[in-house]
Structure formats: structure tokens, C-alpha cells
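Take a look at the structure below.
Derivation of every value follows stated rules applied to the coordinates shown; laboratory data play no part. Model, not experiment: these values are computed from the prediction. Note that each Cβ is placed from the backbone with ideal geometry, even for glycine, and that neighbours are counted across all protein chains shown.
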Amino acid sequence: MAMSITVAIIGRPNVGKSTLFNRLVGQRLALVDDKPGVTRDRREGEANLFGLEFRVFDTAGLEEIFDSSLEGRMRAQTERALADADLALLVIDARAGITALDEHFARWLRRSGKPVALVANKCEGRLVETGLGDAYSLGLGQAIPLSAEHGLGMSDLYDAVAAVAGTAVQEELPPEGAEEAEEGADEFGGVLQLAVVGRPNVGKSTLVNKLLGEERLLTGPEAGITRDSIAIDWTFQDRPLRLVDTAGLRRKARVTEKLEKLSIQDTLRAIRFAQVVVLLLDVDEGLEKQDLSIARMVVDEGRALVIGVNKWDACRERDAALAGIRDRLERSLPQTRGIPVVTLSALQGHNIDNLMKAVIQAYDVWNRRVGTADLNRWLEAVTAAHPPPAVNGRRVRLKYMTQAKTRPPTFAIFASKPQELPTSYLRYLENGLRDAFDLPGTPIRINFRKGDNPYAGRKKKANKRTR
Ligand code: GDP
Ligand code: GDP
């Protein structure tokens, strides 16, 4: 059984530490006495994030039991929590921006030498760019945008915790035989998180209104529906879906001003909050440079991409337009062959079903798990057909392969001298994997490890990790 790590949630009052704690611990939370004047112990609980289990401390409220200076109180509570932690999550309020206390915490944590992940909470709406940009100045790297209240951005948080939990190579690997086990329900209870992005005026609002107008199933204020319409739940053909980050669209719909600029920050946030991203194009304008940079962001963030070619009703040169888009896509994103392209008319409600079917299919591919035995048979065949190049007269040997995780499909290959493999060979493996295991259009990650089969001679591990 892998050792579980301990995570401390740290930050000044009111940034959302308790909210994050509650989200991580959920119903396993031991109730605490919240009456004023009652000394609270720090809360701790068993967190479960995408199946990754760890202990978590919430340091909120502890400041009340100290009566020295504010800074001193902060420090005391932080010190105690930090002593036991393997990772500190420094939470800031992206809406409020960086305060002197945040800076104090950051400085102090940097000096502690503990791994720290910076979490920018309350990121669900717009107007948080400033906070996020300033956050970088804390010297703790890029902030993870999060909305603890709405459960958005949790997959990036997972990555941060998993990076600390899995410092040993073995920890990144699923237990042998995991692929035979059924993939556990994901952290959203199987709800597919979808974002619609694209340049202004391509028809995003029209599409979203059509989607929601047709099969609308709002689930009440507690399930993510808020005044800002941050996340909207509905179903498509019995499939639960959540449309994330529609706040921008809503606001826009009310304003008649059309000369809006594309906000890269907004787009990036929507992508991070989603699992599948629909990049909507205007067929008359084709796939432009900005569209390609959005497409690259989606792939780089490891999300599944579907291209929607809108305003098909108004297009005259249909064949040429579509061929142009497909061609540009293949040439510009050669490492992600097979990205689905669906033509539609949001205005007329035409082909929206097909768009949604492509979304669901892309999600399924993104979640696909390939068996270890099949992977190794495949690895043997492709390296025999086209061996890796020799370096100083000695061949790089690819010895063993396994799928380390899904969402997106991520593989680990154990090799001698993995650093010597040229990019062209990596492409060869990626494309081969796509074809052999039916993984069209999804980002594929291959991580090379030095060494042999990590399972050889090792006892089977009992812990189960799915994501
Ligand atoms: P703590 O003092 O750091 O533990 O903060 P709390 O968890 O008590 O949250 C402080 C306030 O921020 C509460 O009113 C929460 O409802 C609110 N809050 C927490 N998370 C979010 C979020 O993601 N978005 C927004 N808008 N508010 C949040
Ligand atoms: P957004 O800025 O991406 O949200 O775009 P809107 O949804 O506001 O649409 C911009 C304009 O394109 C509006 O005038 C829409 O009526 C029009 N539009 C949207 N979808 C279609 C479509 O499928 N066909 C045609 N002909 N026009 C469309």
C-alpha cells in the first residue's frame, strides 16, 4: 500500500480554505463545533480527489485562539499545520488580488522548503485575470485557478497533489492488472464537463442557447447553478453534462456590443475547467491563426477537442471550405491526428445532435484504457518494424510499456537511454498508438523512464488508482 501524503491548506482568512477543505473531504468530514468562543482544533480529514487519497488539514479559524499580532497568529497556525504536511496549498482570493498577508505567507512558505502549490480561488467568474497575473509575483510559480465553491479546476489541483504523491516512479503507475478493473466513476460522478470556446461572433451564445433550450434540465441552485451561471447541468440522450464557464457568454448575450475581443485568459480558464472543449468556427472565416492557438491550448492542457464549423447554412462553397479547415488542422497539429470536425448551424439548430455525439465520443476516447499485454505486444511489433536509432553504435531499447493514466491517455515506456530518442521516433510511436488502439484526435502523452519493467520481481500492489 502506498503511503498517503498529507496536505495543509494555508492562507489568510476568507480566501476559501474551509470551502476547499469541505469539497475535498466531502461527507467524510468530521463535524466540528462552530460556536463562537469554542476553541477549534484544526480540522483534518481524508480527502479523495479523482481517486487519489490523502490526508488534509484545514487551518481556518485557528487564528482566533492566538491574541498576538495578526501576523503572529497566522504564523503559529501555519507552523503547526506545516510541520506535518508533505505539501502546502497556499490559497489566495483571485478576486481580491494579492494582499500583504498573501505575500507574507508566500515568503514564509518559500523559506520552509516544503513543496507548495499556489491556488487562486474564486476564479469562476470573469475579472480575475489581474489576480492571476499578480499571483505569479509570489514566486511560487503559476497559480492553479480554482473555484472551491463550484468545484471547478479540480483536475489541475489533482495534478499538483499527484506530483507530490507520486514522486517515486511506481507511484505514477497503475497497479498491475488495473486495466482489467472497471474504471471508477470519475470525480464528477460521470458528468461530462464541456466548454464552448471560439472567437467573438462565431455563434457560441447561439449554440449554447440552442443546447440548453432543447434539452434543458436545470438542477437547482445547489448543483452549480448560480446567479452568474457558472456551470449549467443538463442531459443529452441520458448523458449528464455540465456546461462550464458560461458566465462570459451570458454577460455577452445581454450586451449588444459585438466588437468584443477574444480574451485568451477567459478561454484558457474555460479550457481548464472543461474535459471536452468545442472550438467553434465560422465557416466563412475558416481556421485562422487565433483558432489554431486555441486548439493548441486545448491539446497542451490535455483536454479533448472537437471542432464545430458553424454557420453551415450560410456557406456556399461547402466542400472547399471544409477541405481547407481539415487540411490546415492536419498540417498545424500533426501530433493530434483525427480531431473530429462537425459542421452545424447553431441558428437553425441543424446538426447539433451530431456535434454532441462527437463530444461524447471524444470524451470516451479521452478516457480509454489500453491493456498492458496489448501495449507490450504492440511495442514489440513496432520496434521490430522500425527499430529506434542507434546512438554511438548502441540501440536505444524500449523494454516495457504501460498506460499510466487516462484523461488524456498517458503512457510510460521504460527504455535504455530514453533521452536519446529523437522526436521523429516519438511521433512514430504516437501515431502508431493512435491507429492501433483507436485513439483519434485525443492528446496522447508518452513519458519515458530509464530502466526495466518496474513490476518484474515486485509484489503486486494492492492499491487501486484510477483517474
Ligand atoms: P476561509 O476563511 O479561508 O476558510 O474561507 P471560507 O471557506 O470560509 O470562505 C470564505 C468566503 O468565500 C465564504 O463566503 C465562501 O462562500 C466564499 N468562497 C469560497 N470559495 C469560493 C469560490 O470558489 N468562489 C466564490 N465566489 N466564493 C467562494
Ligand atoms: P458569439 O460571439 O460567438 O457568442 O456569437 P453569437 O452567438 O452572438 O452569434 C454572432 C452572430 O452570428 C449572430 O448574429 C448570430 O445570429 C449569427 N449566427 C450564429 N450562429 C449562426 C448560424 O448557424 N448561421 C448563421 N447564418 N448565423 C449564425
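Things to note:
- Amide H partners (placed H, <5 Å) of residue 371, local residues excluded: none
- Residue 159-residue 347 FRET efficiency (beta carbon distance; Förster radius 41 Å; 0.05 resolution): 0.60
- Between residue 343 and 309, the built amide H atoms are under 5 Å apart, and every one of these is 5 or more places off in sequence or on another chain.
- Amide H to amide H, with H built 1.01 Å from N, residue 397 comes under 5 Å of 416, counting only residues 5 or more places away or on other chains.
- Residue pairs exceeding 25 angstrom between C-alpha atoms, taken from 114/399; 204/289; 210/289; 210/311; 17/114: 114/399; 210/289.
- Multiplying the residue separation of residue 419 and residue 374 by 0.36 nm and subtracting their alpha-carbon distance yields 13.7 nm.
- Computed E for residue 438/residue 4 - FRET, C-beta separation, R0 41 angstrom, nearest 0.05: 0.70
- FRET efficiency, residue 361 to residue 96 (Cβ-Cβ, R0 60 Å, nearest 0.05): 0.90
- Derived scalar couplings ³J(HN,Hα) [segment 388-405; Karplus, 6.51 cos²θ - 1.76 cosθ + 1.60; whole Hz; x for Gly, Pro]: x, x, 8, 10, 6, x, 10, 6, 6, 9, 9, 9, 7, 9, 8, 8, 6, 7
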